[in-house]
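The values are calculated or read from the model by the stated rules, or taken from the named source; none is laboratory data. Note that the structure is predicted; figures quoted are calculated from it, not measured. Every residue, glycine among them, receives a Cβ derived from its backbone with ideal geometry; neighbour counts consider all protein chains shown. With ligands, DNA and RNA removed, areas are computed over all heavy atoms of the protein, side chains included. Shrake-Rupley method; radii C 1.70, N 1.55, O 1.52, S 1.80 Å.
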Amino acid sequence: MLATAEIADRLTDGAAAVLSRAPGPLAEIEDWLLLTSARELLRIDRTARFWRHRDALGTARFWKSGTLSASGHLGAALASMHGDGRVRETAVGILSRTDAPVADRMLAVRVTDHVRPVREAATRAVLRRTSLTQADQIVPVLHLIEERTRGAEALPLYLHALAGVHGEAALWSRLRGSTTPGVRRTAFQHSLTNELLSVGDAVAALPREHDRIVQSLLAHAIADRAGPDVVASALLHDRSAESRVLGLVRLSADLLDPADVERLLVDTGVLVRMWAQQRYQEQGRDALLAYQDVARGSGAPAVRARAYRGLVEAGGMVDREAALDLVRSTEPPLKKAGLRLLIGRAVPADAPLLVEVLRSGTNRVARLASEVLLEMPAAWSDADLLPLTSSLDPDLRRRAWWLKRNRSGWHETIADLEILLDHDPDLATLGRNVTIPQFAQPTELQRDQLIALLPLVWPETWRKSRVAFAAGLRGDA
């Protein structure tokens, strides 16, 4: 997305290209107006007439002096956004006699014009452009305009005109293939509501769909209309967690394949696991035993980790020693599972192990280890973090900073001051927003740290004085 000033510059370049008739710049401007999203196109139109950029497209005299009639469809496309209503009206007349795709889009934009003659002329021209290729350009713009006061009636009129030429089925099939998400979602909703999309079509479309809203529409249609076998095959194996949950909700325990339910016990989705547990128990089986078998088995580490999570979610327990064994695992998924199990259960003796995990684990593992350490801040000190703070690896120094500052209070201030001295400029910027506690005084150790750090970070500046005053250092720093 371009900044407003950049849009104004491009409009100025476009007006200059129209005057010079240079093929290269003209092609660039046309591609810009044609390929940008409908939402961005409306933003370009708004920018062109914004008082601060009204001179971007030149004066009205520039266009009225013969430039507009001689500049072809691209000049008319630019002039249709001009601040002068007469220029826009003339441009709409030229565009209405042009079959270029950019003309389709710019006429659709003018349907929301604040000048009634311009708006009515643009609407008449749009309603005559009823090929499906033209609809690809026009409908996304009108779909956004429908949210406005002016021109909101244009989309229903245009869709009615298209349906009269091509039929409802062909029209909405075309719109379901739109590259504009809002149009596709509306098209799928309309098709399903009016039974223009069969259950078989919905089943075929669901695995190929990547839009979460359309996925949800298709999944609900399948769940509402399809038989149990189709629901099971289409939804329980779909990549969307919402679809899998819907399948478990709609099918009773006696209609579910036990193998499907057992597989979904260790699904990645929390709600999927919850419903799978319920259906598993309704089938007369023990979910806790199933989770224990998977957790202690030889399956993939990620599956075993989800089994541990599911075991706890189902009301089971994992003892602390087993959690520590998972933390010592070489597999990141099992490490994460063990750290989650340790939350609220760690003891000071676990601190050295957690600091080592903080140093050697992946970023996500390290973040979980930090969360456990922060539950018992008295069990470790800055000295324990020296392997991280003195490391050559900036990522390890960042982890140490994050852990220190999240103890809050003056710990946060000191951590930010320390990171400001880091030789890595990216790390140093992390401390740029130094916070000062409002209702706390530093300990003696923290006072000593502040006295040592402040002259190095901010020698003789108001920032140094502000921190020193809040800490009660006065003349000490």
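Dipole magnitude for the range 266-387: computed about the Cα centre from +1 point charges on Lys and Arg Cβ and -1 point charges on Asp and Glu Cβ, it is near 380 debye. Can you give me the angle between helix 270-282 and the longest principal axis of the chain, using Cα atoms only, in degrees from 0 to 90, rounded to the nearest 10? With both axes taken from Cα atoms, the answer is about 70 degrees.
Below 23 Å, Cα to Cα, which lysines can Lys404 reach? Residues fewer than 8 away in the same chain don't count. Filter leaves Lys335, Lys336, Lys464. The residue list Ala15, Ile222, Ala323 was ranked by how far each Cα lies along the charge dipole of the chain toward its positive end, using unit charges on Cβ atoms, and Ala15 comes out on top. A DSSP coil position with no more than 10 other Cβ atoms inside 10 Å describes the following GluC sites (Glu not before Pro) in the range 389-477: Glu460. Relative contact order, whole percent, for the range 233-316 stands at 24, derived from Cα pairs under 8 Å and 6 or more residues apart.
To the nearest ten degrees, helix 444-457 and the longest principal axis of the Cα atoms of the chain are 40 degrees apart.
The long axis of helix 351-360 is offset from the longest Cα principal axis of the chain by roughly 40 degrees. Residue order by solvent-accessible surface for Trp172, Trp275 is Trp275, Trp172, largest first, with ligands and nucleic acids left out and a 1.4 Å probe. Over the range 72-230, accessible surface divided per residue gives 44 Å², non-protein components excluded, 1.4 Å probe.
Ordering Gln292, Leu256, Gly269 by Cα displacement along the dipole of the range 245-295 toward the positive end leaves Gly269 in first place; charges were set at the Cβ atoms of Lys, Arg (+1) and Asp, Glu (-1).
Met1 sits among other residues whose Cβ lies under 12 Å from its own Cβ, and their net charge, with Lys and Arg +1 and Asp and Glu -1, is 0. What shape does the chain have by the C-alpha gyration tensor, where a ≥ b ≥ c are the square roots of the eigenvalues, rounded means a/c under 1.5, and otherwise prolate means a/b greater than b/c and oblate the rest? Judged from the Cα gyration tensor, the chain comes out oblate (a/c at least 1.5, b/c at or above a/b). Take the range 318-477 with all the other protein chains still there, run a 1.4 Å probe, and you get 51 Å² of accessible area per residue.
Ligands, DNA and RNA aside, Lys64 has an accessible area near 120 Å² when probed at 1.4 Å. Calculate the length of the line joining the C-alpha centroid of the range 17-50 to that of the range 103-169, in whole Å. About 20 Å separates the Cα centre of the range 17-50 from the one of the range 103-169.
Comparing Cα centroids, the range 450-466 and the range 376-442 end up 16 angstrom apart.
Within the accessible area of the chain, the carbon and sulfur atoms contribute 53%, probe 1.4 Å, all protein chains present. Ranked by solvent-accessible area (1.4 Å probe, protein heavy atoms only, all chains present), the residues Trp401, Trp51 order from largest to smallest as Trp51, Trp401. Applying 1/(1 + (r/R0)^6) with r as the Cβ-Cβ distance of His210 and Gln441 and R0 = 56 angstrom yields a FRET efficiency of 0.50.
Relative to the current alpha-carbon distance between Ala383 and Ser198, full extension at 0.36 nm per residue lengthens the span by 59.9 nm. What's the FRET efficiency of Lys64 with Glu168 using the Cβ-Cβ distance as r and R₀ = 51 Å, to the nearest 0.05? Rounded to the nearest 0.05, the efficiency is 0.70. Taking Cα centre as origin and charging only the Cβ of basic (Lys, Arg, +1) and acidic (Asp, Glu, -1) residues, the dipole magnitude of the chain rounds to 1480 debye. From helices alone, the chain scores -19500 deg cm²/dmol at 222 nm; the rule is -39500 (n - 2.57) for each run of n ≥ 4 DSSP H residues, then divide by the residue total. Simple point charges give the picture: +1 on the Cβ of Lys and Arg, -1 on the Cβ of Asp and Glu, and for the range 168-267 a dipole about the Cα centre of about 500 debye. With every protein chain in place and a 1.4 angstrom probe, the accessible-area ranking of Thr59, Thr186, largest first, reads Thr59, Thr186.
Rolling a 1.4 Å probe over the protein chains gives Ser298 an accessible area of about 120 Å². Give, as a single signed number, the net charge of other residues whose beta carbon lies under 14 Å from the beta carbon of Leu197, with Lys and Arg counted +1 and Asp and Glu -1. Local charge sum for Leu197: +1.
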